[in-house]
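Colleague: I have a structure here, written as structure tokens, and I will follow up with some questions on it.
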Amino acid sequence: MVPPAEYQRIHLVFHPNSGKGLGARRVTELETLLFSLGLRPRRLDTSKISGSALGEALGQADAVVVIGGDGLIHHVIKHLARTRTPMGIVPAGSGNDTWRMSSARTVEQTLQDVVRFLTGGIEARPVDLLELKYANQDSQTKLAIGAVSWGFEGLVNGRANELPRSLGALRYLVGLVLSLPKLQPHRTVVHSEEFDFRGQIYAASIANIRSVGGGITLFPQADYTDGLADISLVSGNRLHKVLPYVGHILCGRKHPYREIARSSQVNVQTTEASYADGELLGHGDFELSVLHHALLLIPGADSR
């Protein structure tokens, strides 16, 4: 089989230790499938390549497949945003929340969809990204594909990052339990054309996808193709009144302390650190904008 002319240079981005070695196994599995069809992908092992070298290599790709989790995806999207270079995702991380938004429901289906795309059988679809500009970082912008969190959710994310990756998706739940003693309200301002909140919050997120922490569906209505981000706050200043609703909070269900809205541009004032895609983005105030259809994703986007 002759590869389609537009996808001669296929780059597979992975870390061999991702998912306790799952990344290395799945890149070999995908590579074998592509070899059998006459495709000759290039491996980009992020344990052996610098960030600048990765960016240079991705700039030469016709198509990219990330074999890993949300953190690795986070480091790739900044090189592919608005380039029209399609990106596939084969899950091999601890959370895989970005992959959960796709039309695939199994790894096997994902591998087949990637192969079908690269051989002209299906199309990629554009999805949104989140762009953040921090007040204390005038010349820098950050990109994310998942949910930007601060307050307690940011604290949990930071704590989870300190835990062994061998825990997999359990890192988020363990991080949540370990962070509970530090749970306290923080003042924040969240303002958009559609929404204005000024007060005490326990947790806050602006989401592009439905879940965090390996499938915890905090934002059930989020859709990363609609040009809008989902704002979700847990307000209040008396913990004993909020705690009975933890189950509602973790399922994205209505409760008395929930403040929600949807917007394409949001201004946030906070003294807290903020995280996205499992990574620390910055500290303090930031402005968030939705970059509509800034990334081409394989398999096709699915808002279910």
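Only the coordinates and a few stated rules stand behind these numbers; no lab work does. No experiment lies behind these values; they were computed from the predicted model shown. Cβ placement follows ideal geometry from the backbone for every residue including glycine, while neighbour counts extend to all protein chains displayed.
Colleague: Enter the angle in degrees (range 0 to 90, nearest 10) between the Cα long axis of helix 22-36 and the first principal axis of the Cα atoms of the chain, meaning the one along which they spread out most.
Modeller: Its long axis makes an angle of about 30 degrees.
Colleague: Using a cut-off of 9 Å between beta-carbons, work out the net charge of the residues near F286 (Lys and Arg +1, Asp and Glu -1, F286 not included).
Modeller: 0
Colleague: Once a ≥ b ≥ c are taken as the square roots of the eigenvalues of the Cα gyration tensor of the chain, is the result rounded (a/c under 1.5), prolate (a/b larger than b/c) or oblate (a/b not larger than b/c)?
Modeller: prolate
Colleague: May I ask you to list the GluC sites (Glu not before Pro) in segment 105-176 that are in a DSSP loop and have at most 14 other Cβ atoms within 10 Å of their Cβ?
Modeller: E123, E162
Colleague: Also: By the scheme Lys and Arg +1, Asp and Glu -1, what is the net charge of all other residues having a beta-carbon under 15 Å from that of L250?
Modeller: Residues near L250 contribute +2 overall.
Colleague: Which shape class, rounded, prolate or oblate, goes with segment 129-293 when its Cα gyration tensor gives a ≥ b ≥ c as root eigenvalues, a/c under 1.5 marks rounded, and past that a/b bigger than b/c marks prolate?
Modeller: Since a/c stays below 1.5, the shape of segment 129-293 is classed as rounded.
Colleague: Could you point to the residue in V290, I260, P126 farthest towards the positive end of the chain's charge dipole, with +1 and -1 charges on the Cβ of Lys/Arg and Asp/Glu respectively?
Modeller: Value computed over the given set: I260.
Colleague: Let me ask another. Round to a whole angstrom and tell me the spacing of the C-alpha centers of segment 1-71 and segment 156-235.
Modeller: 30 Å
Colleague: Still on this model: Using Cα springs under 10 Å in a Gaussian network model of the chain, which residue among P91, P256, P181 shows the largest mean-square fluctuation?
Modeller: In this elastic network of the chain, the residue with the biggest mean-square fluctuation among P91, P256, P181 is P181.
Colleague: Now for a separate question. Using +1 on the beta carbon of Lys and Arg, -1 on that of Asp and Glu, and nothing else charged, what's the dipole of segment 1-86 about the Cα centre, debye to 20?
Modeller: That gives segment 1-86 a dipole magnitude of about 80 debye.
Colleague: Still on this structure: Please figure out what share of the DSSP beta bridges in the chain is antiparallel and state it in percent, rounded to the nearest 5.
Modeller: Given both bridge residues lie in the chain, the antiparallel proportion sits at roughly 75 percent.
Colleague: Placing unit charges on C-beta atoms (Lys and Arg positive, Asp and Glu negative, everything else neutral), compute the dipole magnitude of segment 46-140 about its Cα centre in debye, rounded to 20.
Modeller: It works out to roughly 60 debye.
Colleague: If we sort 58-71, 285-298 on the protection proxy, mean other Cβ atoms within 10 Å, highest first, what's the order?
Modeller: Order by mean packing, descending: 58-71, 285-298.
Colleague: If I take every Cα pair under 8 Å that is 6 or more residues apart in the chain, average their sequence separation and divide by the length, what percent do I get for the relative contact order?
Modeller: 22 percent
Colleague: Assign unit charges at the C-beta atoms only (+1 for Lys and Arg, -1 for Asp and Glu), then state the dipole size of the chain relative to its Cα centre in Debye, rounded to the nearest 20.
Modeller: For the chain, the charge dipole is close to 760 debye.
Colleague: Something else now. Give a residue-ordered list of calculated ³J(HN,Hα) values for segment 73-79 (Karplus: 6.51 cos²θ - 1.76 cosθ + 1.60, θ = phi - 60°; whole Hz; x for Gly, Pro).
Modeller: Along segment 73-79, the couplings run 4, 4, 7, 8, 4, 5, 8 Hz.
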